[in-house]
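**Student:** Below you'll find the structure I mean.
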Amino acid sequence: MNQINQNLKLVFSNWKYTTLGISIFLLFQLIYYIFANVQLTIGNLGMTFFIIQTITQSLIAVLFAIFVPTSIYKIVLFSDFSAKESSSGVISGTFAVLVAGCPACSVTFASYLGLAGFFSLFPFYGLELKVLTVPILLWATHSTLKNLTACEMKKPKKSKE
């Protein structure tokens, strides 16, 4: 855990990565508050649904705001993109953006993309997918921070002589 904290300090001590992280967090929150109709969500799905959705959205925004700058830092540091560690976080974050608004609402980001019908098939209108996104994004962020300054090298294959 100490290594993760040191790596967080290492990345976010640079103003570029701090600015990027804050910008991503604010963008996620802005998308949520623009496209989610709070009164309609509370009226149709209840206060508990709204609270869980808001907390989940905030967790995703924080985790993605940490994940993206640390991934970019690692890419810049080693000039390599690890698909195993980075792709799950990018996919999870992108998926979370798509589910940012309540698909049961009349005007949402999901309905603009034609996904409202798909999300309405779920019993909690896509909230379960957002909840599933949190541990996936947490794992991707943790693995990126844990191995931030380590570059994995593959063993060379033995030549057949």
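The values are calculated or read from the model by the stated rules, or taken from the named source; none is laboratory data. Note that the coordinates shown come from a computational prediction; the quantities given were computed from them, not determined experimentally. Cβ atoms come from the backbone with ideal geometry, glycine included; neighbour counts cover every protein chain shown.
**Student:** Scan the range 35-75 for residues that are of a type in the set (A, V, I, L, M, F, W, C), more than 20 Å from residue 142 (Cβ to Cβ) and either free of Cβ contacts under 8 Å to residues at least 60 places away in the same chain or out of contact with any helix residue (DSSP H, G or I) (no Cβ under 9 Å at 6 or more places or on another chain) (or both) and jot them down.
**Tutor:** Step one: filter the range 35-75 for residues of a type in the set (A, V, I, L, M, F, W, C), giving 35-36, 38, 40, 42, 45, 47, 49-52, 55, 59-68, 72, 75.
Checking the rest, the ones that are also more than 20 Å from residue 142 (Cβ to Cβ) come to 35-36, 38, 40, 42, 45, 47, 49-52.
Matches in the range 35-75: 38, 40, 42, 47, 50, 51.
**Student:** Consider only pairs whose beta carbons are under 8 Å apart and that are at least six residues apart or on different chains; among these, list those whose first residue lies in the range 118-131 and is on the phi > 0 side of the Ramachandran plot and whose second residue is at pLDDT 75 or above and surrounded by 17 or more Cβ atoms within 10 Å (Cβ to Cβ).
**Tutor:** From residues that are on the phi > 0 side of the Ramachandran plot, the pairs are 125/45.
**Student:** Do any residues in the range 139-158 that are within 14 Å of residue 11 (Cβ to Cβ) have Cβ atoms under 9 Å from those of residues that are at pLDDT below 65 and among the acidic types (Asp, Glu), where the two are at least six apart or on different chains, and which pairs are they?
**Tutor:** 144/85; 147/85
**Student:** Let me ask you something else. Just to be sure before I move on: is residue 49 at pLDDT 85 or above, touching a Leu at 6+ places or on another chain (Cβ under 7 Å), surrounded by fewer than 21 Cβ atoms within 10 Å (Cβ to Cβ) and not acidic (Asp, Glu) in the structure I sent?
**Tutor:** Numbers: at pLDDT 85 or above: yes; touching a Leu at 6+ places or on another chain (Cβ under 7 Å): yes; surrounded by fewer than 21 Cβ atoms within 10 Å (Cβ to Cβ): yes; not acidic (Asp, Glu): yes.
Answer is yes for this residue.
**Student:** I'm trying to understand the selection: among the residues of the range 52-93, which are surrounded by 16 or more Cβ atoms within 10 Å (Cβ to Cβ), small (Gly, Ala, Ser) and modelled with pLDDT of 85 or more?
**Tutor:** Passing the criteria: 61, 65.
**Student:** Just wondering, is there one or more residues in the range 23-41 that are surrounded by 15 or more Cβ atoms within 10 Å (Cβ to Cβ), modelled with pLDDT under 90 and in contact with a Gly (Cβ under 6 Å, 6 or more places away or on another chain)? Steps first, please.
**Tutor:** Quick first cut of the range 23-41, residues surrounded by 15 or more Cβ atoms within 10 Å (Cβ to Cβ) only: 24-25, 28-29, 31-32, 35-37, 40-41.
Restricting the remaining residues to those that are modelled with pLDDT under 90 gives 24, 28-29, 31-32, 35-37, 40-41.
Pick out the ones that are also in contact with a Gly (Cβ under 6 Å, 6 or more places away or on another chain) and you get 35-36.
Checking the range 23-41: at least one residue is surrounded by 15 or more Cβ atoms within 10 Å (Cβ to Cβ), modelled with pLDDT under 90 and in contact with a Gly (Cβ under 6 Å, 6 or more places away or on another chain).
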